[in-house]
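The structure under discussion appears below in the form of structure tokens.
The values are calculated or read from the model by the stated rules, or taken from the named source; none is laboratory data. Note that the structure is a prediction, hence the values are computed from the model and not measured. Cβ: placed from backbone, ideal geometry, glycine included. Neighbour counts: every protein chain shown. Calculation scope for accessible area: heavy atoms of the full protein, side chains included, ligands and nucleic acids excluded. Shrake-Rupley method; radii C 1.70, N 1.55, O 1.52, S 1.80 Å.
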Amino acid sequence: MNVDLNQIKFDEKGLVPTIVQDCYTGKVLMLAYMNKESLLKTVESGTTWFYSRSRMELWNKGATSGHYQYVKRMTYDCDGDSILVEVEQVDVACHTGEESCFHNTFFTDESFINYHREIVNELYTFLQNRKTNPVEGSYTNYLFEKGLDKILKKIGEETTEVIIEAKNLDKTELVAELSDLIYHSLLLMIEKDIQIVDLKKELMKRMETKQQKGKDKVLPM
């Protein structure tokens with residue numbers, strides 16, 4: 001594969017800072033450096049390669065840990081002096097065991113502190129942990145213990161309650177019932193081993209098909 005590197009501005013050491021981002025969650029995972037050789041190896045192999053400034057050698061992310069980063073897209077900024085690599089991350093990105101290398105918070109605006117951009121993913125992970133590590137008296141564990149039929153029954157009940165509240169004027173109650181439906185739907189996904197990324201992939205596939213064909217019947221939306 002031929003790659004034109006003329007648009008990339010490497011510094012005096014032949015390096016360019018490279019930001020790695022999870023292609024599904026949008027979370028920034030790490031910052032590293034590439035030179036021309038590691039950039040080309042990244043494109044050719046489909047996994048990230050970087051240049052270690054301390055060891056002065058190339059390294060393939062995940063070669064030791066198994067936490068590979070499968071490259072989905074690479075772009076450079078308006079000045080051409082930094083690269084963004086969107087990846088499908090295997091397990092965690094940080095050598096400390098954290099999902100992202102950017103996990104040390106030193107300032108948070110008070111208006112932001114209760115805002116969780118990935119709340120659905122966080123809830124999914126929480127519920128998944130409940131199934132793996134049961135807690136006595138937990139409603140979530142009660143449903144998992146009762147199994148699929150009980151979860152489906154609750155989804156049916158919550159769907160009915162959503163319909164009822166949608167006919168009323170109280171938006172707050174409707175939001176609450178929709179939240180209940182999402183919670184129970186996540187339980188079903190975990191029970192059937194369906195990941196959130198599976199839904200994202202399916203919705204993106206439908207959107208792409210719809211845009212290509214220009215027909216609403218491809219996806220009812």
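GLU165: open to solvent by less than 60 Å² (accessible area, probe 1.4 Å), closer than 18 Å to HIS184 by Cα and modelled with pLDDT under 95, yes or no? No; evaluated as a whole, the condition is false for this residue.
Return yes or no: is LEU178 in a helix (DSSP H, G or I), without any contact (Cβ under 8 Å) to a residue 60 or more places away in the chain, open to solvent by less than 60 Å² (accessible area, probe 1.4 Å) and within 29 Å of GLY26 (Cα to Cα)?
Judged against the criteria, LEU178 is not a match.
Within the stretch 183-221, the residues that satisfy the criterion of being at pLDDT 95 or above and not hydrophobic (A, V, I, L, M, F, W, C) are TYR183, HIS184, SER185, GLU191, LYS192, ASP193.
Right, GLU122: part of a loop (DSSP other than H, G, I, E, B), of a type outside the set (Ser, Thr, Tyr) and either out of contact with any strand residue (DSSP E or B) (no Cβ under 9 Å at 6 or more places or on another chain) or surrounded by 14 or more Cβ atoms within 10 Å (Cβ to Cβ) (or both) or not?
It is false that GLU122 is part of a loop (DSSP other than H, G, I, E, B), of a type outside the set (Ser, Thr, Tyr) and either out of contact with any strand residue (DSSP E or B) (no Cβ under 9 Å at 6 or more places or on another chain) or surrounded by 14 or more Cβ atoms within 10 Å (Cβ to Cβ) (or both).
Looking at the structure I just gave you, is THR48 surrounded by 16 or more Cβ atoms within 10 Å (Cβ to Cβ), modelled with pLDDT of 95 or more and among the polar types (S, T, N, Q)? Yes, satisfied. Filtering the stretch 65-89 to residues that are part of a strand (DSSP E or B) and either over 18 Å from ILE8 (Cβ atoms) or of a type in the set (A, V, I, L, M) (or both) leaves GLN69, TYR70, VAL71, LYS72, MET74, ILE83, LEU84, VAL85, VAL87, GLU88, GLN89. Contact annotation: residue pairs with Cβ atoms under 6 Å, 6 or more positions apart or on different chains, pairing a residue in the stretch 204-221 that is surrounded by 11 or more Cβ atoms within 10 Å (Cβ to Cβ) with a partner that is at pLDDT below 60, are ARG206/LEU219; THR209/VAL218; LYS210/VAL218; LYS210/LEU219. All of (1) closer than 15 Å to GLY26 by Cα; (2) open to solvent by 50 Å² or more (accessible area, probe 1.4 Å); (3) touching a residue at least 12 places away in the same chain (Cβ under 8 Å); (4) of a type outside the set (Gly, Ala, Ser) hold for VAL71 with one exception: (2). From the list THR64, THR105, THR172, the one residue that fits, being of a type in the set (Ser, Thr, Tyr), open to solvent by 90 Å² or more (accessible area, probe 1.4 Å), more than 26 Å from the chain's Cα centre (by Cα) and farther than 24 Å from LEU188 by Cβ, is THR172. The set of residues from the stretch 74-85 being more than 22 Å from the chain's Cα centre (by Cα) and open to solvent by less than 40 Å² (accessible area, probe 1.4 Å) comprises GLY80, SER82. Residues to consider are GLU88, GLU57; find the one that is open to solvent by less than 90 Å² (accessible area, probe 1.4 Å), acidic (Asp, Glu) and without any contact (Cβ under 8 Å) to a residue 12 or more places away in the chain. From the options GLU88, GLU57, the qualifying one is GLU57. Among the numbered conditions (1) out of contact with any helix residue (DSSP H, G or I) (no Cβ under 8 Å at 6 or more places or on another chain); (2) at pLDDT 95 or above; (3) within 27 Å of LEU174 (Cα to Cα); (4) open to solvent by less than 60 Å² (accessible area, probe 1.4 Å), the only one that ILE151 does not meet is (1). So, in the stretch 2-31, exactly how many residues are touching a Phe, Trp or Tyr at 6+ places or on another chain (Cβ under 7 Å) and open to solvent by 30 Å² or more (accessible area, probe 1.4 Å)? The total comes to 3.
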